[in-house]
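Working notes, structure below.
Readers should treat all values here as calculations from the given coordinates under stated rules, not as data from a laboratory. Small disclaimer: the values here were computed from a predicted structure and weren't measured. Neighbour counts are summed over all protein chains in view; Cβ atoms, including those assigned to glycine, are modelled from backbone coordinates with ideal geometry.
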Amino acid sequence: MEAQSQVVDRLRTAFRSRVTIPEEFRRAQLIQVMAMITENQEAILEALQKDLSKPRFEAVMSEVDIVINDIHHVLDNFSSWMKLEYAAKNFATKLDTCFVKREPLGVVLIIGPWNYPLQLLMIPLVEAIAAGNCVLLKPSEVSPHTGSLVAELIPKYLHQDCFAVVCGGVEETVALLKNRFDHIFYTGSKTVARSILQAAAVHLTPVTLELGGKCPCLITGRVNMAAAARRLVWAKFFNAGQSCIAPDHVICSEAIRDALLPEIRKSLEDFYGKEPEKCPDMGRIVSPRHWTRLMGMLRKTNGKIVHGGEGNEEDKYIAPTVVIDVSEDDALMADEILGPILPILTIETLQESIDFMNRGDTPLALYVFTEESSIVNTVLENTKSGGFCSNDGIVHMALPTLPFGGIGGSGIGSYHGRWGFETFSHRRGCLLRGWAMERLNILRYPPYSEEKMSWIRWTTSPKSSCSIM
């Protein structure tokens, strides 16, 4: 078995050979990624079932189809993304050719998470390939069946000198980060992100960090309660609540809460039945450690559990749970929940709600449910978040034409579609100059004078761009 450093060296040698540069190579590898997923869909779904008891419907939607759709979008468009982008010129550069050339960064490390262990490895991989990079994938050890399958399939479908997979836990990841990469793309927790930033700083390696956060859902004004409850329940309890963009908590007035709760209960029963533990559409917590953390949060909360709260440690099951009378300093509000627990905070006014959302770390997503467009615009203009969606949850991340990423505590950088291509590309500013007009260069050569300075200022001013040659 190759050592980590040998794998990185092999990828770097391949990149320097320029094998990844031609569009034909990139396109062929993207088609191979698509073939890998479509031809092995059943094995993928089986691995996801073993890791997370992920319902087939949710797995197909969020792990298979979303990646296939991104590949189609990239295949249809990356040829145009690769083209030179010509720049506007001033008088001094009228005879020059000035453009931006997008070039691959080199050898990219992509570290994936456990909650969407295929999607959140494959989409960045697709966009790194489109940009012309060599890639080293590191799946999460917390979802070992999916990680092992990826490690098995990648060498069978992709160019082995350009793409590789390294598996392992914390120790292996720490060792891996001692190698020099040209970019590190990480999806996961803030704690690990800080370690990655420290490791990247040694080599001055640029990073993209896709983190999480406590994504708020404000419900206010006139609201279709039945529709709001269905959309909220679906977005919150999809993948057993283990989504970085799931609504983490609800903010609403007491009157709205009282009208909303019966509809939430009805939606939960409609979706998962009277015994959700027996429902095949309710996933499980990924590991005993994560189950213990979530149940510990429930034990510590000062709020009132009005639905659910039950758990089965052996089955890693936690019932869809709703907690009311939650305060800002409650145990459920300390960290991102990342599980099937929905706290509801009562805040009476729109301004107080906005102030509350602005006090914490900037979330990865922010949701507002209301029939009043003026409220949507007010929240949009007076808050900050990685992404924003009104009257629904998590669906905005499925559109490959929108950038997906956080800001501040929820991440650095973005990807999906063109945005991922740009993340994995260097925008190289180029000016190609010939030998004509050398007499004009006298203006910039010593000896200097006030008259020369005036002419130089005129030729380099943006206002000189329309001057007649």
Task: Dipole moment magnitude, nearest 20 debye, the chain about Cα centre, only Lys, Arg, Asp, Glu C-beta charged - done: 1980 debye
Task: Using alpha-carbon coordinates, inclination of helix 4-16 to the longest axis of the chain, degrees - done: 40 degrees
Task: Three-way shape call for the range 1-137 based on the alpha-carbon gyration tensor, with the a/c threshold at 1.5 - done: prolate
- [ ] Please express the shape of the range 216-405 as an equivalent ellipsoid: the semi-axes are the square roots of 5 times the eigenvalues of the C-alpha gyration tensor, given largest first in whole angstrom.
- [x] 25, 18, 17
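In the neighborhood of Pro400, defined by Cβ-to-Cβ distances under 11 Å, what is the net charge if each Lys or Arg adds +1 and each Asp or Glu adds -1? Write down the numbers at each step before the final one.
Working: positive: Arg418; negative: Asp70, Asp76, Glu127.
Net charge in that neighbourhood comes out at -2.
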TODO: Pull out the extension gain between Trp81 and Asp258, defined as 0.36 nm times the separation in residues minus the alpha carbon to alpha carbon distance; nm, one decimal.
DONE: 58.7 nm
Task: On Cα atoms only, tilt of 373-382 relative to the major axis of the chain in degrees - done: 60 degrees
- [ ] Once you've got the Cα coordinates, tell me which of Lys190/Lys316; Lys54/Lys83; Lys178/Lys384; Lys54/Lys156 are over 30 Å apart.
- [x] Lys54/Lys83; Lys178/Lys384
Task: 0 to 90° range, to nearest 10: angle between helix 144-157 axis and the chain longest Cα axis - done: 30 degrees
Open item on the list: Looking at the calculated P(r) for the chain, what percent of the C-alpha pair distances fall above 39 Å?
Closed with: 32 percent
Open item on the list: What are the ³J(HN,Hα) couplings of the range 180-188, residue after residue, when phi is run through the Karplus curve with 6.51, -1.76, 1.60 and θ = phi - 60°? Round to Hz, x for glycine and proline.
Closed with: 8, 10, 8, 6, 10, 10, 10, 10, x
Open item on the list: Taking R0 as 41 Å, what FRET efficiency do you get between Glu277 and Gln41 from their Cβ-Cβ distance, rounded to the nearest 0.05?
Closed with: 0.90
Task: Burial ordering of Phe57, Phe91, fewest other beta-carbon atoms within 10 Å first - done: Phe57, Phe91
Open item on the list: Defining a contact as two alpha carbons under 8 Å apart and six or more residues distant in sequence, what relative contact order in percent does the chain show?
Closed with: 19 percent
Task: Candidate aspartates and glutamates - alpha carbon under 16 Å from Lys94, same-chain residues fewer than 8 apart omitted - done: Glu438
Open item on the list: If you take every DSSP beta bridge fully contained in the chain, what fraction is antiparallel? Give it as a percent rounded to 5.
Closed with: 35 percent
